[in-house]
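Have a look at the structure below before the remarks.
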Amino acid sequence: MDILHRAGIKSSSLNVYSALTTREGLSGWWTNDTQGEAKVGGVIRLRFGDRGFIDVKVLELDPARRVLWEVVDGPKEWIGTEVIWELKQEDDYVIILFTHQGWTEPAEFMHHCSTKWAVFLMSLKSRLETGKGAPWPNDTEIGNWG
């Protein structure tokens, strides 16, 4: 089972790629508590206060085209899943085809995570188009899980 999203961001592929592959970039739209190394083989540690944490291992980096992570720690439903960012430039927009693949079942938590991914994709879009994202702890809450 996979979570799938498509988003268009008025930016360059290199700017979007940088927002996905640097601590500074990730902290501007996902969580302001981002640590680790965003290089192939490195682990990025993302912290969300009392909401929990996610550790992703960087498996592939293809500049301005593709980023692939494997979740190595965090919520049990996430461990072993992969997060794929496919980027393509179309005129003034970068089209992101986002996939969070490998879910074992469509449990309620997967529904929540799908919506949160959409929230953070809009934060990424805002960060790159306006200079201001909404990373944790300033993200949009969608219910009693954050």
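The values are calculated or read from the model by the stated rules, or taken from the named source; none is laboratory data. Bear in mind that the values here come from a model prediction, so they are computed numbers and not experimental data. Virtual Cβ from ideal backbone geometry, glycine too; neighbours counted across all protein chains shown. Quick note on the areas: whole protein, heavy atoms, side chains included, nothing else; ligands and nucleic acids left out. Shrake-Rupley method; radii C 1.70, N 1.55, O 1.52, S 1.80 Å.
The residues in the range 99-116 that are surrounded by fewer than 19 Cβ atoms within 10 Å (Cβ to Cβ) and either in contact with a strand residue (DSSP E or B) (Cβ under 6 Å, 6 or more places away or on another chain) or aromatic (F, W, Y) (or both) can be counted, and the count is 6. Looking across the range 50-75, the residues that are in contact (Cβ under 8 Å) with a residue 24 or more places away in the chain and basic (K, R) come down to R51, R65.
Residues in the range 50-78 that are at pLDDT 95 or above and not in a loop (DSSP other than H, G, I, E, B): 18 in all. Number of residues in the range 71-86 that are open to solvent by 60 Å² or more (accessible area, probe 1.4 Å) and either closer than 17 Å to L20 by Cα or among the hydrophobic types (A, V, I, L, M, F, W, C) (or both): the value is 3. Annotation: Q89 fulfils all but one of (1) within 26 Å of T140 (Cβ to Cβ); (2) part of a strand (DSSP E or B); (3) open to solvent by 60 Å² or more (accessible area, probe 1.4 Å); (4) touching a helix residue (DSSP H, G or I) at 6+ places or on another chain (Cβ under 6 Å); the unmet one is (1).
Considering the range 88-115, the residues that are among the aliphatic types (A, V, I, L, M) and more than 13 Å from the chain's Cα centre (by Cα) include one that is modelled with the lowest pLDDT, namely A107.
The residue pairs whose first member lies in the range 76-88 and is within 13 Å of D2 (Cα to Cα), whose second member is open to solvent by less than 50 Å² (accessible area, probe 1.4 Å) and of a type in the set (S, T, N, Q), and whose beta carbons are closer than 7 Å, counting only pairs six or more residues apart or on different chains, are I84/T99.
Criterion first (in a strand (DSSP E or B) and either surrounded by 17 or more Cβ atoms within 10 Å (Cβ to Cβ) or not charged (D, E, K, R) (or both)) does A19 satisfy it? The answer is no for A19.
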